[in-house]
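Trainee: Please read through the structure below; I'll follow up with questions.
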């Protein structure tokens with residue numbers, strides 16, 4: 001069995017990764033930090049995070065970064081989503097909004113293993129921002145985001161339904177497929 005360290009401040013992510021990766025991996029929560037560079041690109045945050053963790057002698061790990069990108073706000077909060085949520089919250093985001101409400105959640109997952117090397121996979125879920133808070137499940141900006149083709153916010157959906165269409169669910173599925181393909185070679 002292969003061991004992968006999941007580097008995150010949210011140990012709940014282990015369940016999502018474990019579900020996608022199956023029984024071929026033992027996932028271990030490793031609560032170490034890394035520098036999140038100030039950039040507009042989730043990919044760059046993940047790539048630089050991988051570089052930093054490798055330079056510290058760590059290997060066989062997974063990291064991820066996600067963000068909400070609002071078109072009318074020039075992509076804000078984007079890579080600053082955690083900070084924006086902490087300081088503005090959902091109510092603050094709604095106050096910033098005008099009539100144009102298109103947005104997308106993005107997730108990038110990065111991994112490095114001795115066997116598979118470096119792997120970065122990204123996915124997104126397009127949608128729109130509501131005019132009010134809806135739902136109590138999920139976290140962060142989930143109560144104000146409705147995915148395209150849906151009537152419910154992420155916070156109104158059950159976890160299984162959300163993971164089927166969400167940026168993180170899609171990224172984890174693509175990540176598991178890509179990692180499995182590299183390791184089966």
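We did not get these values from a lab; they are worked out from the coordinates using the rules stated. Bear in mind the structure is a predicted one, so any value in this text is a computation, not a measurement. Heads up, the Cβs are rebuilt from the backbone with ideal geometry, glycines too, and the neighbour counts pull from every protein chain shown.
Trainee: Mind listing whichever residues of the range 147-185 are surrounded by fewer than 20 Cβ atoms within 10 Å (Cβ to Cβ) and not in a helix (DSSP H, G or I)?
Mentor: Within the range 147-185, 148, 149, 150, 151, 152, 158, 184, 185 qualify.
Trainee: What about residue 103, is it crowded, with 16+ Cβ neighbours inside 10 Å, over 19 Å from residue 27 (Cα atoms), in contact with a strand residue (DSSP E or B) (Cβ under 8 Å, 6 or more places away or on another chain) and touching a residue at least 24 places away in the same chain (Cβ under 8 Å)?
Mentor: yes
Trainee: Could you check residue 138 against (1) under 19 Å from the mean Cα position of the chain (by Cα); (2) surrounded by fewer than 17 Cβ atoms within 10 Å (Cβ to Cβ); (3) assigned to a loop (DSSP other than H, G, I, E, B) and say which number it fails?
Mentor: Result: residue 138 passes all but (2).
Trainee: Looking at 67, 127, 89, which one is more than 21 Å from residue 176 (Cβ to Cβ) and surrounded by fewer than 17 Cβ atoms within 10 Å (Cβ to Cβ)?
Mentor: Exactly one of 67, 127, 89 is more than 21 Å from residue 176 (Cβ to Cβ) and surrounded by fewer than 17 Cβ atoms within 10 Å (Cβ to Cβ), namely 89.
Trainee: Which residues, counting only those in the range 9-20, are within 21 Å of residue 114 (Cα to Cα) and in contact with a strand residue (DSSP E or B) (Cβ under 7 Å, 6 or more places away or on another chain)?
Mentor: Correct list: 14, 17, 18.
Trainee: Just one of the numbered conditions (1) crowded, with 18+ Cβ neighbours inside 10 Å; (2) under 19 Å from the mean Cα position of the chain (by Cα); (3) within 23 Å of residue 166 (Cα to Cα) is not true of residue 50; which one?
Mentor: (3)
Trainee: Can you find a residue in the range 108-120 that is under 22 Å from residue 152 (Cβ atoms) and in contact (Cβ under 8 Å) with a residue 40 or more places away in the chain?
Mentor: No: the range 108-120 contains no residue that is under 22 Å from residue 152 (Cβ atoms) and in contact (Cβ under 8 Å) with a residue 40 or more places away in the chain.
Trainee: Would you check if there is a residue in the range 49-57 being touching a helix residue (DSSP H, G or I) at 6+ places or on another chain (Cβ under 9 Å) and in contact (Cβ under 8 Å) with a residue 60 or more places away in the chain?
Mentor: no
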